[in-house]
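Engineer: Just passing along the structure, written as structure tokens.
Please treat every number below as a calculation from the coordinates, not as lab data. Because the structure is predicted, anything quoted here is derived from the model rather than measured. Please note: Cβ atoms are built from the backbone with ideal geometry, for glycine as well, and neighbour counts cover all protein chains shown.
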Amino acid sequence: MDRFDINGGRRLAGRLTVKGSKNAALPMLAAALLTDQPVTLTDVPELADIANMRRLLTELGCEAQAVPAADPESPGGAVRLHARDQSRCHARYDIVRTMRASVCVLGPMLALRGQARVSLPGGCAIGERPVDIHLRGLAALGADIVLDQGDIVARVPRAHQKRGRLRGARVFLGGPFGSTVLGTANVMSAATLAEGTTVIESAACEPEIVDLANLLNAMGARVSGQGSPRIVVQGVAELGGADHRVIPDRIEAGTYMCAAAITGGDVTLDNCPVDALMALADRLQEMGLTLRFDPGQDAMRTSCRVTAPAPGSLRPVEVATQPHPGFPTDLQAQLLAVLCLADGNSVITERIFTERFLHVAELSRMGARLYRQGPTVIVSGVRELVGAPVMASDLRASACLVLAGLAARGTTTVNRVYHLDRGYERMEQRLISLGADVTRLSAKDPEPAPQNAGQ
């Protein structure tokens, strides 16, 4: 398995273009199963999760071919999707286990093909994330759902079939930790081809759901209310093809904002979705950072300059993760790394995935002073972090450890960085372009010599 060797202490400065959103692209790729016409998505990032979704779609009879982007200034590539074989309905465990977003094929297949068999999904080890809300929502649309040998088997009952269609209904998608993003994507996609009207209450408000709804509407769907807790879908008989540009990745943008913060840097992000990052921007400004963006540009695709104060000058803050527009759980680990160097005590409470603190033990190995009690971590700022070998446990924890390594004295070795490849396109190269000293090494390369802590 690959690893990163990071020689810390370098101030990041320069310019980056934010890539297309992984979390938006994955359910949009799955939405191509709702039609037999071509769908082209641009600004699709080159990530392991995207490659796995394309492989899954190919197995489901949908061609997924990389094509040149029509816009030469596009920060990402394009994928042309064309579902030609409607008979394949089994999403096998071998692919589904690699990423949780594979479950997004369930709603589209059920809606158009009348049946779907999808293995229970895998993903990061960040705590329990059941799919029961997805299934409850699809069952409300009339689907018969059973579990068989680790697979979700869903069918449109013959008694309710009209060209294999589901039925519109009122669906409540609230759960113990708020709304479900992937569950909203599944039910909203399925409802586009259902008979009648579907009202989704406690729908996810995330910008990735808004982007998916915009794609569905471009395909001929009638979706309204996206971005609010109530989404209304008027079912249509069929959907067609469309061309759509994926929104920028707010989590990637937020990660590089945190990279500037932890190194005392000055980084400008182009194609930056500032409008989707207000919660992070609020906390960073409270910590002493300056964020400047062009008010004349589209707030979802603007340029944002992030300037951090001198090391040791960051102020402590309190943070609690919440569903959008609250502070995103996917940026909790990165901000926690930054707060390790704040001047005082900070408090982070995780209200979405309460076990999402596997990075705490690894940061402690680097000299961080962290005290966890249930879903809350008290961060007592230190003057410096010290490089050490650390182990990545999930995607965002990996990014957290890389950020810590950028600021640490000496060399940090981050093992198992394959997690990063799921959500960050060539992260080491992009950090190097900002002045970081990062080397990607394979398992066969020798480990660095132990550091002398007294140096």
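Engineer: Rank by packing, highest mean first: peptides 215-221, 21-27, 367-373, with packing defined as the count of other Cβ atoms within 10 Å averaged across residues. Each step should come with its number before you reach the end.
Structural biologist: On the way: 215-221: 20.7, 21-27: 27.0, 367-373: 15.3.
Descending mean neighbour count gives 21-27, 215-221, 367-373.
Engineer: Looking at the chain only, what percent of DSSP beta bridges run antiparallel? Nearest 5 please.
Structural biologist: Of the beta bridges lying entirely in the chain, close to 70 percent run antiparallel.
Engineer: Please arrange Met366, Met300, Met278 by how many other C-beta atoms lie within 10 Å of their C-beta, fewest to most.
Structural biologist: Working: Met366 25, Met300 18, Met278 14.
Arranged by neighbour count, lowest to highest, Met366, Met300, Met278 become Met278, Met300, Met366.
Engineer: Let me ask something else about it. With the contact rule set at Cα under 8 Å and sequence spacing of 6 or more, what percent relative contact order holds for the stretch 239-322?
Structural biologist: Relative contact order of the stretch 239-322: 34 percent.
Engineer: Next question, about the same structure. For the stretch 396-408, take each phi angle, set θ = phi - 60°, evaluate the Karplus expression 6.51 cos²θ - 1.76 cosθ + 1.60, and give the result in whole Hz per residue in order, putting x for glycine and proline.
Structural biologist: For the stretch 396-408, the Karplus curve yields 6, 5, 4, 4, 4, 5, 5, 4, 4, x, 4, 9, 6 Hz.
Engineer: Could you please report the charge total around Val274, scoring K, R as +1 and D, E as -1 over all other residues with beta-carbon less than 15 angstrom from its beta-carbon?
Structural biologist: Details: positive: Arg250, Arg283, Arg292, Arg301, Arg305; negative: Asp249, Glu252, Asp270, Asp275, Asp282, Asp294, Asp298.
Neighbour charge sum, excluding Val274 itself: -2.
Engineer: Then there is this: Determine, for Ile200, Ile251, the number of other Cβ atoms within 10 Å of each Cβ, and report the residues in order from fewest to most.
Structural biologist: Ordered by Cβ neighbours within 10 Å, fewest first: Ile251, Ile200.
Engineer: How much of the DSSP bridge set in the stretch 22-245 is antiparallel, in percent, rounded to the nearest 5?
Structural biologist: 75 percent
Engineer: Pairs of alpha-carbon atoms within less than 8 angstrom and 6+ residues apart define the contacts here; what relative contact order does the chain have, in percent?
Structural biologist: With pairs under 8 Å counted, the relative contact order is 20 percent.
Engineer: Going toward the positive end of the dipole of the chain, with +1 on Lys and Arg Cβ and -1 on Asp and Glu Cβ, which of Ala399, Thr268, Ala154 do you reach last?
Structural biologist: About the Cα centre, the residue reaching furthest to the positive side is Ala154.
Engineer: Looking at [x] 39, 21, 21; [y] 37, 25, 20; [z] 40, 27, 20, which value of semi-axes √(5λ) of the Cα gyration tensor in Å comes from a calculation on the structure shown?
Structural biologist: So the calculated entry is the one marked [x].
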